[in-house]
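Heads up, the thing below is written out as structure tokens.
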Amino acid sequence: EYLHEDSIKKDPHFAKKQAIFDKIKEASTIIIHRHVHPDGDALGSSYGLREILRMSFPEKAIYSVGEDTVNYLQFMGSDDKVTEADYIDSLVIVVDTANSKRISGEFYNKGKELIKIDHHINVEDYGDINYVREEMPSTASIITDFFNTFKKELKISQEGAMYLYLGTVTDTGRFRYSSVNGDTLRLAGTLLDYNFDT
């Protein structure tokens with residue numbers, strides 16, 4: 001296993017991850033946003049998180065939204081459609097977006113609470129909870145780590161694992177960039193265990 005009980009307890013980011021998980025468990029509606037002009041990591045982390053939450057909490061309304069797309073990533077599927085009314089008492093999670101001006105979707109600030117999950121240099125704390133891991137090479141890796149931390153309570157599909165793997169592969173330049181380390185590959189390995197077509 002990538003994470004054992006002892007390593008979870010020693011994880012310096014565990015308190016922040018637990019706070020996010022608590023908010024997820026409290027919310028009945030969760031709307032996930034990403035940045036404009038999305039790349040593989042923006043869509044991979046957004047769709048991957050959506051699949052984790054839909055499988056783990058089928059009673060909740062879970063959406064992944066954005067106002068634009070790119071042709072080369074259309075094979076990944078499409079964003080969900082929401083209205084402003086859907087944001088009432090919702091939890092909004094914004095992934096892979098360093099500053100609020102780059103968030104795709106006009107109603108991101110209409111929810112009850114907002115969580116930012118990102119790996120870019122932290123230029124703006126726009127969330128009620130800001131979970132920024134600048135040392136991580138992709139937001140998909142952050143979501144994968146989050147899933148592994150709470151693996152006893154969360155589920156993921158083959159499709160969800162593929163989304164997170166795609167986000168990791170694209171933002172690491174196929175594992176060639178200097179931000180890649182052993183943990184990057186170990187996290188990616190936990191996704192490959194789901195046997196999707198790479």
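The residues of the stretch 146-160 that are farther than 25 Å from Pro12 by Cα and touching a residue at least 40 places away in the same chain (Cβ under 8 Å), listed by number, are Ser157, Glu159, Gly160.
Residues of the stretch 115-127 that are open to solvent by 40 Å² or more (accessible area, probe 1.4 Å) and either among the β-branched types (Val, Ile, Thr) or touching a strand residue (DSSP E or B) at 6+ places or on another chain (Cβ under 6 Å) (or both): Ile121, Asn122, Val123. Number of residues in the stretch 81-114 that are open to solvent by less than 50 Å² (accessible area, probe 1.4 Å), under 22 Å from Ile20 (Cα atoms) and in a loop (DSSP other than H, G, I, E, B) equals 9. Kindly provide the set of residues from the stretch 176-198 that are without any contact (Cβ under 8 Å) to a residue 60 or more places away in the chain and within 16 Å of Thr139 (Cβ to Cβ), ordered by number. Result: Tyr177, Ser179, Val180, Asp183, Thr184, Ala188, Leu191. One residue stands out among those in the stretch 128-145 that are among the hydrophobic types (A, V, I, L, M, F, W, C) and out of contact with any strand residue (DSSP E or B) (no Cβ under 8 Å at 6 or more places or on another chain): the one that is least open to solvent (accessible area, probe 1.4 Å), which is Ala140.
Among the residues of the stretch 73-84, are any closer than 26 Å to Phe175 by Cα and modelled with pLDDT of 95 or more? No, the conditions are met nowhere in the stretch 73-84. Val180 fulfils the conditions (1) surrounded by fewer than 23 Cβ atoms within 10 Å (Cβ to Cβ); (2) of a type in the set (Val, Ile, Thr); (3) part of a helix (DSSP H, G or I) except for a single criterion, (3). For the stretch 128-139, indicate whether the set of residues that are in a strand (DSSP E or B) and free of Cβ contacts under 8 Å to residues at least 60 places away in the same chain is non-empty. Checked against the condition, which is being in a strand (DSSP E or B) and free of Cβ contacts under 8 Å to residues at least 60 places away in the same chain, the stretch 128-139 yields at least one hit.
Determine if the stretch 157-172 includes at least one residue that is crowded, with 20+ Cβ neighbours inside 10 Å and touching a His at 6+ places or on another chain (Cβ under 7 Å). Among the residues of the stretch 157-172, not one is crowded, with 20+ Cβ neighbours inside 10 Å and touching a His at 6+ places or on another chain (Cβ under 7 Å), which makes the answer no.
Taking the numbered list (1) in a helix (DSSP H, G or I); (2) polar (S, T, N, Q); (3) under 20 Å from Ile32 (Cα atoms) in turn, Asn122 passes all entries but (1). Beta carbons closer than 8 Å, at least 6 apart along the sequence or on distinct chains, pair a first residue in the stretch 55-82 that is of a type in the set (Val, Ile, Thr) with a second that is loosely packed, with under 15 Cβ neighbours inside 10 Å for Val65/Lys81; Thr69/Ser78; Val70/His37. Checked against the criteria, Phe175 does not count as outside any strand (DSSP E or B) and farther than 26 Å from Tyr72 by Cβ. I'd like to check something: does the stretch 97-109 contain any residue that is under 25 Å from Phe150 (Cβ atoms) and of a type in the set (S, T, N, Q)? Yes - at least one qualifying residue is present in the stretch 97-109.
The values are calculated or read from the model by the stated rules, or taken from the named source; none is laboratory data. Because the structure is a prediction, the values reported are computed rather than measured. Cβ: placed from backbone, ideal geometry, glycine included. Neighbour counts: every protein chain shown. Accessible surface areas use protein heavy atoms only, side chains included; no ligands, DNA or RNA. Shrake-Rupley method; radii C 1.70, N 1.55, O 1.52, S 1.80 Å.
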